[in-house]
Amino acid sequence: MSATLELAPPLAEAPTEPLPRRRRRRWWPVLLVALALAGLAAALHFGGTGLSLPGQSTLLVFTAAVAAWTLTRIDDTYVALAAALVLVLLGVLSGEQLFATLGGETIWLLIAAFVLAAGIGASGLPTRVAVALIGRARSVRGLAHLVTAALLLSAFAIPATSGRAALAVPVFLALAGTLRERPRLVRALAILFPTVILLSAVATLMGAGAHLVTTQLLTAATGSGIGFGQWLLLGLPLAVVSSHLAAEVVLFLFTRRADRRGGLRLDLAEIRPPKGLTGPERKAAVLLAGVSLAWATEPLHGISPAVVALIGALLISSPRFGTVQLNKALSGVPWSLLVFMAATAALGAALISSGAAAWLATALLGPVHNPVIFLVVVVLVSTAAHLVIQSRSARSSVLVPLVIPAAIALGLNPVAVAFASTAAAGFCHTLSSSAKPVAMFAHLDGAPTYDRADLLRLSVVLGPLTAVLVLFFALSVWPLLGLNWR
């Protein structure tokens, strides 16, 4: 068995190939966006909509940003920052409001969380836990569910789906080497890994940047967001059920009965850590448990999650106790994501404060007067939104500012509706470009993975199943946990 990664040959030894032809630029998306914006501007100006001038400006900028995210290949962060800057130049936002989002508590929380995750990952603790769980598998079904459990636990240590996917790749390659004689099973595992990584992210507030965007927008609109403890209480049951249900779907679609018969013994010796926790692993385990407990008990001690995360980040990078140097940990922070979150938070706040969000929500969802039908529409649109807007955070930045005022107008709890929308938007499995974990596992050397047809086959079953599951939780389970949707 081999679980080693082959490095690319040096540049000097690479075979010479003709340079690819430069792709022709597609101007039709830009032209389409310009025509649509011109039509919208004319309709707003001459249609007597009652929307204020700042609201009209914000709506035009918001529409342009959504069109750029959807129809062009311009970087999402560039689009979000440009949109926020235009609102500042138009006077809808002040420069202080824009810059304040970059220094907000949510940004510092995510910075500290990534430093903490770097230290925990450097300790080797996540790999030990994953190997300890997966090594217990004695059947194919047992392996699938133990992999699911290990990936679910990783959501508490690594705050980004792409980071969790990078951590899981060596484990998958080791499994692929052990099971090289069973290619169908290896392909099923290749699909299972990113599927569970994406669905289990809803377990924690920091499982995805979209979650922080949602709680920021809720705070701006209602004065209160969703804390770590409340998100854990609501999201963890959904993550457990959806992830293990997805494991059964993957087994059903991509393995045969003969593949699932008989026993199974795995040889993971090449990635198995030594017996007994090492010193860095013990430190990481204690610190992770302490930080998680402090986050979950915030109402008792009153210390903000960002401050708790900063304490943990300083401890995990301290000279004697730490497992990673601070400068090295900071180099792995996704600064582009942080700028994107800050810019979209400013854009969302402008949508809400200018009245543009309420106007647009009324125009789009106004005909829906039945609360249950409204919730169904929100969940279905959120589930399918990844086909149009590939960035998970961008989807929440577009959807949540619209569903909040619409929910309030219908007398519904905006927190419950926004949470349901964000949970449903976590489904993004149809295309390899829809999520980084899906793209990462689609192209691995030395192991059979999946293609576009496999993803479509999975999504046809898992997409509707995810939407139904979110609706079931929103209507039946979350009210029992204190989140009533009415």
By my count, helices (runs of 4 or more DSSP H) wholly in segment 219-337 with at least 1 residues that are open to solvent by less than 40 Å² (accessible area, probe 1.4 Å), closer than 26 Å to residue 200 by Cβ and of a type in the set (D, E, K, R) are 257-260, 279-296
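Tell me, please, whether a residue that is assigned to a helix (DSSP H, G or I) and surrounded by fewer than 20 Cβ atoms within 10 Å (Cβ to Cβ) can be found in segment 110-119. Walk me through how you get there before you give the answer.
Initial filter on segment 110-119 (assigned to a helix (DSSP H, G or I)): 110-119.
Narrowing further to those that are surrounded by fewer than 20 Cβ atoms within 10 Å (Cβ to Cβ): none.
Scanning segment 110-119 turns up no residue that is assigned to a helix (DSSP H, G or I) and surrounded by fewer than 20 Cβ atoms within 10 Å (Cβ to Cβ).
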Listed by first then second residue, the pairs whose first member lies in segment 355-371 and is farther than 16 Å from residue 55 by Cβ and at pLDDT below 80, whose partner is of a type in the set (A, V, I, L, M) and buried (at least 21 other Cβ atoms within 10 Å of the Cβ), with beta carbons under 7 Å and at least 6 positions apart or on separate chains, are 365/406
Residue 453 passes all but one of the listed conditions (1) over 21 Å from residue 163 (Cβ atoms); (2) touching a residue at least 40 places away in the same chain (Cβ under 8 Å); (3) small (Gly, Ala, Ser); the exception is number (2)
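Taking the stated definitions as given, is residue 348 crowded, with 24+ Cβ neighbours inside 10 Å and under 25 Å from residue 213 (Cα atoms)?
Numbers: crowded, with 24+ Cβ neighbours inside 10 Å: yes; under 25 Å from residue 213 (Cα atoms): yes.
Against the criterion (crowded, with 24+ Cβ neighbours inside 10 Å and under 25 Å from residue 213 (Cα atoms)), residue 348 qualifies.
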message = Can you say whether residue 134 is open to solvent by less than 40 Å² (accessible area, probe 1.4 Å) and touching a helix residue (DSSP H, G or I) at 6+ places or on another chain (Cβ under 8 Å), as far as the supplied structure shows?
response = yes
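Got a sec? Which of 147, 196, 169, 186 is closer than 19 Å to residue 450 by Cα, open to solvent by 10 Å² or more (accessible area, probe 1.4 Å) and touching a residue at least 12 places away in the same chain (Cβ under 8 Å)? Steps first, answer last, please.
Working: 147 fails: open to solvent by 10 Å² or more (accessible area, probe 1.4 Å); 196 fails: open to solvent by 10 Å² or more (accessible area, probe 1.4 Å); 186 fails: open to solvent by 10 Å² or more (accessible area, probe 1.4 Å).
Within the list 147, 196, 169, 186, the selection yields 169.
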Residues of segment 85-102 being under 22 Å from the mean Cα position of the chain (by Cα) and either of a type in the set (A, V, I, L, M, F, W, C) or at pLDDT below 85 (or both), in sequence order, are 102
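The values are calculated or read from the model by the stated rules, or taken from the named source; none is laboratory data. Fair warning: this is a prediction, and the values are worked out from it, not measured in the lab. Because the Cβ atoms are built from the backbone with ideal geometry, glycine has one as well, and the counts that use them run over all protein chains shown. SASA here: full protein model, heavy atoms, side chains in, ligands and nucleic acids out. Shrake-Rupley method; radii C 1.70, N 1.55, O 1.52, S 1.80 Å.
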